[in-house]
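Reviewing the structure listed below.
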């Protein structure tokens, strides 16, 4: 009798797995045959383009994604107001170094949040450092009145390129304030890019003590040229001019859509990306792909006639790049309304071929999600386990939400990240579709947990 | 005592695993920091370019890779003569369909091995079919005197795109002979491409009974336009002109290099790719990447001072695309010389981010290699198991060799395969390097098996 019971239990469980496996196959079929994220991304990139917080592009992206969700017939589509920083680049930057009387142009882009140089630019000696320790060792005597050139490359031996990013990005984020403490008058930071090419990669910087000195990213190729020239001529002078400025905060919005749950409508499974992008490019991989995959995940489930038990919500977060105001406001609102967000998934690592999911949660929660590997590995999702989630959904962790980051292959991400080549053309349709299918499949599996 | 013994055994085994893991890390570090395959590939693509068997380009590629191996100081570098087919495209093809008196240009490319059309081209009604069954049902009455248009797309729902290729390529390989049996005077075949774009993808075709009628590939975009027009006007006429021809067989070579084994020099572990490419492009992913990764695998091991127990051999196979003469001759020679090829690895699925290895061997052999997964999964190699090897190394199976195919991610491969956009620019350096590291790591692990 006990054996029979065990057998029945096993059979029911196997049947469940089998039904799940069939449904997941249908999810991928739907997006690979009828997927709309690629054409939606084309519109976002080509008809709207750059959409830095506070810009007209950002406003158009809010309107567009709201209409898109409405056109898919989600049960509810609404905006959540949020005040965002409003930094503008102004005229295109100019930069060169003067070596033996010859001007050598280099490719730079002001860092987001930076102040301008003096109106006619800034000409000074430039001194190369690899890290804050070197800077400190050089001290005021060597630094004062100079431009500091942070030139520590991302570590190419890290297999996951986000680790290499994490190991280098302190130069961009805090380099200006660190250098200002020793009397530097500007900073030039090697782009966060593993390739040698001539695209400067912008990104956010913060002032935290010291004077507010201007900061710009320099392309990896220009950085290498500058570094080589400095070896021969340590006294060479560097010129740069940028007239960016920070305007008053501006009103903007998170865009939210949802399909109401049939059994546990108060429990929310969220999926999202961030709608803002840097101003240099179309923001394809960062993070147009994540936005369009998130909307597509709900579209797929609806197209398959799936009636979720829990409420499935899609969120286009505003202002991930330079303030995280959208993610913060979203979590604050969830607390205020006492909403129960059980799981939140973000896609903000590019629209590349799926590799897995990174999870922030307790051991039991991580093990539960890791058990999905059998069902998801046929779709290339092998790397499911403890990891990082996503910046926008991070603030939800305080409400007990399990935070999940979609992890596509990371090799090409920093070729495009925050640079003008992050365009629609750099996205492959199948890779994008598979990511949307991966997110929809995870939503489905989570919705069916007890 | 028994416990102590088990503990010691476990410790020794753990130590071995740990040393392997350190050595594998060094392999990847070497290629990610000092890798040369990307610049070597640039030379092959940009300074040599297309290298169809029998062409001047193929000859230059033989000379170049021989010199490259010599420059790396491999113990032996030599050529193996092989006669190859010599098909030439001739002048660029022309094609259009005439719909309501209007000429609509379409993008075609003669299939490799095809005969020419009559000198001034061929104008006839065109009839669309999806497969040989439909062709047969239409029969002589409907087919005779017409051009047959094979338009069954690759199945987008296959996650591994090679499966989708396998399910569609019969149209290209055998379509002409099948159609000729029913009196067709030419065939136009939808390109083996999952994207909608305007690149025709060539590839080999075979004549096997029926008359020898000309065959050409049509781009997916043109195929869709033609198909839509045929729905409105089934009587529309199609024109195409191509003046390709098959010249007399030509002498060519496999290029072989090796590092001699220190303990079992008679046991050979082979690694390779094919040096020939179609004539339309630079043959970057097919198969410049495989060639350069294979040479790089040996370079890495040498650079790390590794002294292999077995002989490690790298082979640039000639004529994979339209005859497999190189792979066949290589295996024949191995039999004649009674060489013991224990393992053969081929990279001929593109230079994309690594996913795993496919193995052809018995269950025990497959299990043994599958046990490497723990050591290789940190580098993205999760998919290690029974699979397909590679065309060039296939003939070695008769000598008892375990045949292993390197399996990179397949999503983008057919965007470029056999088309003019298969250029150096479509290859990402890190993805290429990681593939070379994966192959070198597998060679190392195989060399250290008993």
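Which distances, in nm and shortest first, link the residue A:335 label point to the same label point in every other copy, taking 7 Å along Cα→Cβ?
Copy-to-copy label distances for residue A:335: 7.6 nm.
Taking only DSSP H segments of four or more residues, each worth -39500 (n - 2.57), what value at 222 nm results for the protein assembly as shown once the sum is divided by all its residues, to the nearest 500 deg cm²/dmol?
Value at 222 nm, helices only: -11000 deg cm²/dmol.
Which order, highest average first, do A:225-234, A:145-154 follow once you tally other Cβ atoms within 10 Å for each residue and take the mean per peptide?
Taking the mean over residues of other Cβ atoms within 10 Å, the ranking is A:145-154, A:225-234.
In what sequence, highest mean first, do A:89-99, A:430-440, A:383-393 appear when ranked by Cβ atoms within 10 angstrom?
On the way: A:89-99: 17.6, A:430-440: 28.0, A:383-393: 21.2.
Ranked by mean Cβ neighbours within 10 Å, highest first: A:430-440, A:383-393, A:89-99.
How many percent of DSSP beta bridges within the protein assembly as shown run antiparallel, rounded to 5?
Around 55 percent antiparallel, to the nearest 5.
Is the shape of the stretch B:301-428 rounded, prolate or oblate, going by the alpha carbon gyration tensor and its root eigenvalues a ≥ b ≥ c, with a/c under 1.5 for rounded and a/b larger than b/c for prolate?
Oblate shape, in that a/c is at least 1.5 and b/c is the bigger or equal ratio.
Could you tell me which residue in chain A puts its beta carbon nearest the axis mapping A onto B, with the distance rounded to whole Å?
Checking which Cβ lies nearest the axis yields A:382, 2.
Can you give the translational diffusion coefficient of the protein assembly as shown in µm²/s, computed by Stokes-Einstein from the Kirkwood radius over Cα pairs at 25 °C and 0.890 mPa s?
Details: Rh = 29.9 Å.
Translational D for this selection: 82 µm²/s.
Considering only DSSP beta bridges whose two residues both sit in the stretch A:90-243, what percent are antiparallel, to the nearest 5? Before the final figure, lay out the partial values.
Details: 16 of 29 bridges.
Approximately 55 percent, going by the DSSP bridge assignments.
In nm, to one decimal, how far is the residue A:141 label point from the residue B:170 one, both placed 7 Å along Cα→Cβ?
Label-label distance for residue A:141 and residue B:170, simple model: 8.2 nm.
Taking the alpha-carbon set of the stretch A:222-369, what are its Rg and Dmax in Å?
21.1, 71
Compute the helix-to-body angle for B:56-71: its Cα long axis versus the longest principal axis of chain B, expressed 0 to 90° and rounded to tens.
10 degrees
At 25 °C and a viscosity of 0.890 mPa s, what translational diffusion coefficient does Stokes-Einstein give for the stretch A:102-158, taking Rh as the Kirkwood radius over Cα pairs? Give it in µm²/s as a whole number. Intermediate results must be reported in sequence, preceding the final value.
Numbers: Rh = 13.8 Å.
Stokes-Einstein gives a translational diffusion coefficient of 178 µm²/s.
What do you get when you divide the Cα radius of gyration of the stretch B:26-104 by 2.2 N^0.38 Å, with N the number of residues?
1.76
What FRET efficiency comes out for residue B:133 versus residue B:266 if R0 is 60 angstrom and r is the Cβ-Cβ distance? Round to the nearest 0.05.
With R0 = 60 Å, the Cβ-Cβ based efficiency is 0.70.
Give the separation of the Cα centroids, the stretch B:372-389 to the stretch A:347-392, in Å.
Comparing the Cα centres of the stretch B:372-389 and the stretch A:347-392, I get a distance of 19 Å.
Classify the stretch A:248-290 as rounded, prolate or oblate, taking a ≥ b ≥ c as the square roots of the eigenvalues of its Cα gyration tensor: rounded when a/c is under 1.5, otherwise prolate if a/b is larger than b/c and oblate if not.
In terms of gyration-tensor shape, oblate.
Jot down the radius of gyration and Dmax of chain B, Cα atoms only, both in angstrom.
23.8, 93
Within a 10 angstrom radius of each residue's Cβ in A:371-378, how many Cβ atoms of other chains show up on average? Whole number is fine.
1
State whether the stretch A:90-243 is rounded, prolate or oblate according to the following rule on the C-alpha gyration tensor (a ≥ b ≥ c being the square roots of its eigenvalues): a/c under 1.5 gives rounded; otherwise a/b larger than b/c gives prolate, and the remaining case gives oblate.
rounded
What average count of beta carbons from other chains do you get within 10 Å of the Cβ of residues in B:401-413?
Across B:401-413, the average partner-chain Cβ count within 10 Å equals 2.
Kindly express, to the nearest 10 degrees and within the range 0 to 90, the angle between helix A:170-180's C-alpha long axis and the longest C-alpha principal axis of chain A.
30 degrees
I'd like the distance separating the alpha-carbon centroids of the stretch B:422-445 and the stretch B:308-334, in whole Å.
Spelled out, the Cα-based centre of one part sits 20 Å from the other.
Treating the angle as unsigned and between 0 and 90°, give the value, to the nearest 10°, between the Cα long axis of helix A:325-336 and the longest Cα principal axis of chain A.
Approximately 40 degrees, to the nearest ten.
Taking N as the number of residues in the stretch A:50-167, what is its Cα Rg relative to 2.2 N^0.38 Å?
With N residues counted in the stretch A:50-167, Rg over 2.2 N^0.38 Å equals 1.59.
Give me the one-decimal nm value for the distance between modelled label points at residue B:364 and residue A:364, 7 Å along each residue's Cα-to-Cβ direction.
4.7 nm
Can you list the copy-to-copy distances for residue A:144, using a point 7 angstrom from Cα toward Cβ, in nanometres, shortest first?
The answer, with the shortest distance listed first, is 10.1 nm.
Compute the distance in nm between two label points, each set 7 Å from the Cα along the Cα-to-Cβ direction, one at residue B:152 and one at residue A:71.
For residue B:152 paired with residue A:71, the spin-label model returns 3.5 nm.
Let me know the volume per residue of the alpha-carbon convex hull for the stretch A:141-180, in Å³.
Dividing the Cα hull volume of the stretch A:141-180 by its residues yields 64 Å³.
Per the Cauchy relation, a quarter of the hull surface: what is the mean projected area of the convex hull of the alpha carbons in the stretch A:281-330, in nm²?
On the way: hull surface 17.2 nm².
Here the figure is 4.3 nm², rounded to one decimal.
Sequence gap at least 6, Cα distance under 8 Å: using those rules, report the relative contact order of chain A to the nearest whole percent.
Relative contact order comes out at 21 percent.
Could you tell me the calculated FRET efficiency between residue A:60 and residue A:207, based on Cβ-Cβ distance and R0 = 30 angstrom, to the nearest 0.05?
After rounding, the FRET efficiency stands at 0.50.
For the stretch B:90-243, what does the relative contact order come out to in percent, with C-alpha contacts under 8 Å and a separation of six or more?
This gives 38 percent for the stretch B:90-243.
How many nanometers, to one decimal and shortest first, lie between the label point of residue A:16 and those of its other copies, if labels sit 7 Å from Cα toward Cβ?
List, nearest first: 4.1 nm.
Calculated FRET efficiency, residue A:398 and residue B:104, Cβ-Cβ r, R0 56 Å, to nearest 0.05?
0.35
Please report how far the C-alpha centroid of the stretch A:176-244 lies from that of the stretch B:232-284, rounded to the nearest whole angstrom.
So the separation of the two Cα centres works out to 47 Å.
Quick note: the coordinates plus some simple rules give every number you see, no bench work behind them. Computed from a prediction, not measured in an experiment: that's the story for all the values here. Neighbour counts are summed over all protein chains in view; Cβ atoms, including those assigned to glycine, are modelled from backbone coordinates with ideal geometry.
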